[in-house]
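Each remark here refers to the structure printed beneath this line.
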Amino acid sequence: MQFYLDGYRPGDPTVAEAHPSVAARPDGLPADCDVLIVGCGPAGLVLAAQLAAFPEIRTVLVDRRDGPLTVGQADGVACRTVEMFQAFGLANRLIDEAYQVNEVCFWQPDPADPSRITRVGRVDDVEEGISEMPHVIVNQARMLAYLLDYLERSAARLRPFYGMRVTGVRRDGDGVVVDVGDTTIRAKYVVGCDGARSAVRAAMGRELTGDAMNVAWGVMDVLAVTDFPDIRLKAAVQSAEHGSVLIIPREGGFLVRLYIELDGTAGVTPESLAAAANRILHPYTIDVRGVGWWSVYEIGQRLCDRFDDGEAGSPRMFIAGDACHTHSAKAGQGMNVSMADAWNLGWKLAAVLRGEARPELLHTYSAERQRVAAELIDFDRKFAGMFSARPADSGEEFRRYFVTQGRFTAGVATRYAPSMITADTAYQSLAEGFPVGMRFHSAPVVRLADAKPVHLGHAARADGVWRLYLFGDRGDTLQRVAASVASKDIDILAVFQQGHRELAVDEMPAALLPRKGRLGLIDYEKMFCPDPRGGDIFDLRGIDRDAGCMVVVRPDQYVAHVLPLTDVDELGVFLAGIRVDTTVQMETRPSTGRHDY
Ligand code: FAD
């Protein structure tokens, strides 16, 4: 993390200086704003966190709840989501607090006595090397608390308005008029992060379609004493006659979540769920001594066919998260996919509002995320079906499916189709390990200036900035190219093939030592070398050592383009397809108050 760019300030450096607009903000709901976010669940708060990078954008958050969620709901945090939290500077806190899912066990009826369960398999939860981040479990309420804290520390000092229910939403010319509580707000854009019964979706005339039948699970976070040996491992347990339980150990070392599929929802109590768990786990017993939270979670696999109102022009209304897709909790995707929707949309809204990007950029949100959601629903239908099936039919197949779909559940299988922000794969052979359309897969490197081992992907913060990674050839082409790409208004990072002791910082071109901030200080954190201890990044990511390459990365860390190292013209053409004319941009672009780029 970089700070003190504009002068030394005592105190906690993670608390940004408040933007001047904060002091001028009204106490209550304003009459108008740039973006109105309806709903402060995972989708709404990630969207707000991304927009908070641009304090001049007037963002308003409302939620009908009286205050933040305090307990319950989702708990699975996929590797990709932890990567995203890293970009917001929140990963360390999350990892410290969370349970880390390392292995998964499978239990089935013992063939010798099917009334008893026996362990039939134990596999790694996450395939080695697919992410530098772990798969973790933490209460959704805690995830939201980290994000609320982030908003509070941001220059925008964003704070949700709780107890505010949205009752009406209508498009009005170049904006949207929204009835909130007993007032009306006019917004340039409205984003419905308002869950499965979304009012914004209804106002857009859209609906969730799919399975008519809801499946119900009893969910219970318990403190219990048990002789079941795998209670601190994720365990999928299928009994012969009494159904299934999914055991998810929770943060803190003692708490455990039990998911129990139900035949019906009538008469379900924590006691009846505990009794069902005991029947399934026989001959083991579980003595529930405390219930932290419990619920009957009833949901079908449903999807909306479009996530915006942009059929006939520029979209002004969007939906994200459960407002667009619902699915079972079995694969632990709900919160993750919802937050990924929001990140995808956040930087695009900011770029258009700041006059940097063409408004057509906003169409890519629905196009990209609707497809991801459709894949998720297909996956979930199969996964949840296998979990519920009688073990004799699908035990082995379920285990195999779990392993083969690991990249999907880790959130790293998403691949966006070619569009104005995702190029074709003509030069993919220059960097096979950075597939165009997929998230930039980080790898260990050593920072040249201070010899610090770091992860290259962690240089990409959630700041709405496009990045250009220059991977050097065997000669000095990178140094020569750096000067010519400096005019492209993109954050340039250089990765050399040489070891960090073989290169001299003071011989590097100015483009790799950019001057920043009020004091014109030098940013020394743009140059990297392989870290032999973690594997050479050129080998790990299949980078052509003779030719080198350029890798263009979107603000949400997805690879947009791979290009020859010298193809600066092609880079310019690609960026021009996204951005508005730079001369116009310079005139209309407001000051951001950001100092890091
Ligand atoms: P949500 O988290 O649903 O947030 C929507 C927000 O919008 C809410 O805060 C709501 O108060 C607000 N809102 C709604 N309508 C309005 C309105 N008209 N005006 C203003 N505000 C509004 N997933 C799991 O994986 N495991 C679980 O055990 C599990 N249990 C769940 C239990 C419940 C009761 C619910 C509701 C969900 C559960 N989920 C679970 C799903 C998981 O929580 C969601 O996938 C995830 O929260 C989706 O995030 P979201 O931001 O899209 O929507």
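The values are calculated or read from the model by the stated rules, or taken from the named source; none is laboratory data. Only a predicted model underlies this, so the values are computations on that prediction, with no experimental measurement involved. Because the Cβ atoms are built from the backbone with ideal geometry, glycine has one as well, and the counts that use them run over all protein chains shown.
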Seminar exercise, completed: Pairs returned, first residue in segment 488-517 that is within 13 Å of Phe528 (Cβ to Cβ) and of a type in the set (Phe, Trp, Tyr), second residue that is at pLDDT 95 or above and not in a strand (DSSP E or B), beta-carbon separation under 7 angstrom, 6 or more apart or interchain, are Phe496/Gly472; Phe496/Leu478; Phe496/Leu503
Problem set entry | Residue ID - modelled with the lowest pLDDT, chosen from residues in segment 309-335 that are under 19 Å from Gly210 (Cβ atoms) and in a helix (DSSP H, G or I) | Gly334
For this session: With the condition kept exactly as written, say whether any residue in segment 157-169 is modelled with pLDDT under 95, more than 10 Å from the ligand (Cβ to nearest atom), surrounded by fewer than 22 Cβ atoms within 10 Å (Cβ to Cβ) and not polar (S, T, N, Q).
Result: no
For this session: Test Ser442 against the stated conditions and say whether it is assigned to a helix (DSSP H, G or I) and either within 24 Å of Trp343 (Cβ to Cβ) or of a type in the set (S, T, N, Q) (or both).
Result: no
Problem set entry | Residues of segment 78-125 satisfying the condition of being assigned to a helix (DSSP H, G or I), free of Cβ contacts under 8 Å to residues at least 24 places away in the same chain and polar (S, T, N, Q) | Asn92
For this session: Just give me the residues in segment 213-233 being more than 16 Å from Ala384 (Cα to Cα) and away from the ligand (no atom under 16 Å from the Cβ), in sequence order.
Result: Leu223, Ala224, Val225, Thr226, Asp227, Phe228, Pro229, Asp230, Ile231, Arg232, Leu233
For this session: Kindly indicate whether any position in segment 380-403 is β-branched (Val, Ile, Thr) and under 18 Å from the mean Cα position of the chain (by Cα).
Result: no
Exercise. Out of Ala276, Ala236, which single residue is free of Cβ contacts under 8 Å to residues at least 60 places away in the same chain, more than 12 Å from the ligand (Cβ to nearest atom) and hydrophobic (A, V, I, L, M, F, W, C)?
Worked result: Ala276
Exercise. If you go through segment 26-59, how many residues are more than 16 Å from the ligand (Cβ to nearest atom), of a type outside the set (Phe, Trp, Tyr), assigned to a loop (DSSP other than H, G, I, E, B) and surrounded by 14 or more Cβ atoms within 10 Å (Cβ to Cβ)?
Worked result: 7
Problem set entry | Failed item, numbered, when Val436 is tested on (1) crowded, with 21+ Cβ neighbours inside 10 Å; (2) assigned to a helix (DSSP H, G or I) | (2)
Seminar exercise, completed: Matching residues in segment 279-308 (more than 13 Å from the ligand (Cβ to nearest atom), part of a strand (DSSP E or B) and farther than 28 Å from Gly192 by Cβ) number 6
For this session: Please list, ordered by first then second residue, the pairs with beta carbon atoms under 6 Å, 6 or more apart or interchain, first in segment 311-333 and within 15 Å of Leu345 (Cα to Cα), second polar (S, T, N, Q) and part of a loop (DSSP other than H, G, I, E, B).
Result: Ile319/Ser198; Ala323/Ser198
For this session: Could you tell me which numbered condition Ala212 fails, if it satisfies all but one of (1) more than 26 Å from the chain's Cα centre (by Cα); (2) surrounded by fewer than 15 Cβ atoms within 10 Å (Cβ to Cβ); (3) modelled with pLDDT of 95 or more?
Result: (3)
Exercise. Does segment 451-470 contain at least one residue that is among the small types (Gly, Ala, Ser), surrounded by 16 or more Cβ atoms within 10 Å (Cβ to Cβ) and more than 13 Å from Val553 (Cβ to Cβ)?
Worked result: no
Exercise. Strands (runs of 3 or more DSSP E) wholly in segment 166-219 with at least 2 residues that are free of Cβ contacts under 8 Å to residues at least 24 places away in the same chain - which ones?
Worked result: 175-180
